[in-house]
Structures are given as structure tokens and as C-alpha cells.
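Throughout, read-outs are computed from the coordinates displayed, never taken from laboratory work. This one's a predicted model, so the numbers in the text were calculated from it and none came from an experiment. Cβ placement follows ideal geometry from the backbone for every residue including glycine, while neighbour counts extend to all protein chains displayed.
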Amino acid sequence: MSAIRLLVLGAVRQHGRAHGYQVRNDLEYWGAHEWSNAKPGSIYHALKQMAKQGLLYAHEIAPSTAGGPPRTEYEITEKGTAEFLTLLREALTSYDQKMDVLSAGVGFMVDLERHEAVELLRERLRRLEQWRTSVTDYYTPQEGPQQLGHIGEIMHMWLHSADAGAEWTRGLIERIEGGAYTFAGEGEPFVGVLREGEENPYATGVPHAGDAT
């Protein structure tokens, strides 16, 4: 699973309608260009591809008064919303997701109802613990990594990663159950997007000629 599809669909969905540079600005504002493959080229490519796939609707709007080609604004479709929610749920439950996918999932978890987010994270925790148990069929942590030569350090690293992931997941579940954050259906959500014309302090540079789409 690629994080870019989840990130782009989620960013467009938060705006309602958004052009490519807005989506790029949002993802840079979240730091996604540092922890994922959400680079400018991949963002614009994803927008166009998902429009072809029926996940986004492309609106051609008039060029700006300053001149230039018509700009394209994207709006998520019903099919796109279903895809977004599928990717989001998968990102939160799968124990073996890459960090960028899990990060994207956490970034959009408040688009779900609170109880569902907790259930998904509990499933992630269950899968993590199940996977950890399967690793110990081949590797006994108490005996140390040396029992398998230097290759044992790989399993040692995996177990440390699983333990850290489980600890973080338990903490997040506890915070959510304690009332942290505003989830779907609970009121005004946290606004994590830039308004039209708002300066992005984390932008990687000025837009290129093709950025209008």
C-alpha cells in the first residue's frame, strides 16, 4: 500500500474541492514530504491518475486574472470516499505497514468515529502481539541475539520494533478513550489545512509552471 493515495484523497476530502498546489501545500504543511513519498511530482501524478480512475472529479475552472492556463480543481467522488476509508482502516490495523502509511492513517484517524478508531487500533495491537509470538518460535529473546550469529540482530531489532509499536498503540488508545481529539460526529474538527492564500511556512520552494493543476 502506498501512502500517497491515502494522503492525496484525504487532503482533497478535507478541502471539499482543491487544486494541486493546495494539496501539495497541505502535505508539506504536515511534513509529509519528509516522511513519505509525497513529493510534488508524485502528488500531481496521483491527482491525475485517481481522476482517471473515478476516485476524484476534475473541475476545469477559468484562468486567473493574472493570466495563465485554466486551473483544475479536484473533488472526491463517492468511489473515492470508499477507497479513502478502506485505505485508512487498513493503515490503522496492519502491523506491518511502513511508517509513512501508518503516519498517514494517524493523520486522518479523526475522520472516523471514536469507537471505530479504537477498535482498529486494538486490532493493530492484536496483530502486533500475534506477529511477535510467531517470531519467538525461531528466536528466544532471553538467550540474546548471539544464538543465531549476527543474523540474530535482525530478529532482535524486529522484536524491539514490535514492542515499541505496541507500547505506542496502547498509549494512543488510552488517550483516545480518555477524550483526546475531536472525531467524526463530535463537533468542529481540528483544521489541518491551509486556507486559500495562507502562507505555508514549510514549503519546499516556489511552484513550478505546471503546478497550477
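Listing for the model above:
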| quantity | calculated |
| --- | --- |
| Proximal charge balance of Gly185 [Cβ under 12 Å; K/R count +1, D/E count -1] | -4 |
| Local electrostatic count, Ser161, Cβ distance below 14 Å [Lys/Arg +1, Asp/Glu -1] | -1 |
| Order of Glu188, Glu174 - criterion: other Cβ atoms within 10 Å of each residue's Cβ, fewest first | Glu188, Glu174 |
| Under-5 Å amide H pairs with Leu56, H placed in peptide plane, nonlocal only | Ala51, Thr77 |
| Residue order, fewest to most surrounding Cβ atoms within 10 angstrom, among Ser94, Ser36 | Ser94, Ser36 |
| Which of Ser134, Ser161, Ser2 has the fewest Cβ neighbours within 10 Å, and the rest in rising order | Ser134, Ser161, Ser2 |
